[in-house]
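Data block below; observations after.
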Amino acid sequence: MGLKVATWNINSVRLRSGLVTQFLQDHAPDVLCLQETKCPDDRFPLGEFRKLGYNHIAIHGQKGYHGVAIVSRLPFEERGSKVFCGKNDARHIAVTVKDAKDASGVTIHNFYVPAGGDIPDPEVNEKFAHKLSFLDEMRDWCRQDRPGADRAIVVGDLNVAPLENDVWSHKQMRDVVSHTAVECEKLLGVQDCGDWVDAIRTLTPEPERVYTWWSYRAKEWELSNRGRRLDHMWVSKGLTGSLKSSAILREARSWERPSDHVPVMIDLEF
């Protein structure tokens, strides 16, 4: 079984459905996981993706904020969504993808971790406190449910750039939300607790710089290149040997009316 999985924070799936269809036509992933869809389930553009053969779609959305979805050419079994921090704010969805040659399948968890606001102090910033609590509950989920014990993948906008070369300047970013020590420690703790393997860094090790997000505030984003690696793809240890390649579609940041995130992809061969 070959499996090509992509993840993309699309920042409004209805506004950018044309970009999604362009990506699907040009790169043909088997499965695309979207975050920040900002769309209630009954307004999701199902038809546009089904025209391209992506007939299997799982949605967990809400009006105007957050939202996750999984779009697949392969059939899957829906595994539902987990609620974190007591808030049903559409930040997780999971499916098990199967094909005729692989009865066991691969479970894919799609996450959108809270961004955390601008002030890295949970005492004065409720959004940052929420983010830290969310990461704590992800760690507890890994410990209690052991999702990585089987063949599984975690993808999504995890909103933390945990390694030194995941940001344009480790020194200047240490006190900026997404690269503070407490966030990095907590995200790496989730990874360790679940025995997850960082697929992108396995295939592109440090010290090479890897970014998946560039701010809208930077008019000349490509020239300044002040990026962060906020979008991640982790695989269970049993899938590590199946990793064949990865790609970050940097050019998507220059498309018309783009998301501030770009698609990230991995290829696996079982």
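Coordinate-derived values only; no laboratory data. Every value quoted in this text rests on a predicted model; they were computed, and no experiment measured them. Quick reminder, even Gly has a Cβ in these numbers, built from the backbone with ideal geometry, and neighbours come from all protein chains shown.
Quickly run through segment 230-262 and pick out the residues that are of a type in the set (Asp, Glu) and touching a Gly at 6+ places or on another chain (Cβ under 8 Å).
At the first step, the residues of segment 230-262 found to be of a type in the set (Asp, Glu) are 231, 251, 256, 260.
Within segment 230-262, just 231 meets the criteria.
Here is a yes/no grid of residues against (1) surrounded by 15 or more Cβ atoms within 10 Å (Cβ to Cβ); (2) touching a strand residue (DSSP E or B) at 6+ places or on another chain (Cβ under 6 Å); (3) among the small types (Gly, Ala, Ser):
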residue	(1), (2), (3)
79	yes, yes, no
84	yes, no, no
113	yes, no, no
121	no, no, no
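The set of residues from segment 47-71 being within 26 Å of residue 87 (Cβ to Cβ) and over 17 Å from the mean Cα position of the chain (by Cα) comprises 62, 63, 64. For segment 12-29, which residues satisfy the criterion of being surrounded by 19 or more Cβ atoms within 10 Å (Cβ to Cβ) and not in a helix (DSSP H, G or I)? 13, 16, 29 - these are the residues of segment 12-29 that are surrounded by 19 or more Cβ atoms within 10 Å (Cβ to Cβ) and not in a helix (DSSP H, G or I). Every listed requirement among (1) in a loop (DSSP other than H, G, I, E, B); (2) within 21 Å of residue 9 (Cβ to Cβ); (3) not hydrophobic (A, V, I, L, M, F, W, C) is met by residue 48 save one, (1).
What residue, of 134, 128, is outside any loop (DSSP other than H, G, I, E, B), in contact with a strand residue (DSSP E or B) (Cβ under 9 Å, 6 or more places away or on another chain) and either without any contact (Cβ under 8 Å) to a residue 24 or more places away in the chain or not β-branched (Val, Ile, Thr) (or both)? The conditions single out 134.
Residues in segment 52-77 that are in a loop (DSSP other than H, G, I, E, B) and under 17 Å from residue 113 (Cα atoms): 61, 62, 64, 65, 66, 67. Just give me the residues in segment 247-265 being part of a loop (DSSP other than H, G, I, E, B) and among the basic types (Lys, Arg), in sequence order. Scanning segment 247-265 gives a single hit, 257. Taking (1) under 21 Å from residue 260 (Cα atoms); (2) crowded, with 24+ Cβ neighbours inside 10 Å in turn, residue 168 satisfies each apart from (2). Considering the conditions (1) within 16 Å of residue 153 (Cβ to Cβ); (2) out of contact with any Pro (no Cβ under 9 Å at 6 or more places or on another chain); (3) surrounded by 17 or more Cβ atoms within 10 Å (Cβ to Cβ), residue 107 is excluded by exactly one of them, (2).
From the list 152, 161, the lone residue that is buried (at least 18 other Cβ atoms within 10 Å of the Cβ), touching a Ser or Thr at 6+ places or on another chain (Cβ under 9 Å) and more than 18 Å from residue 227 (Cα to Cα) is 152.
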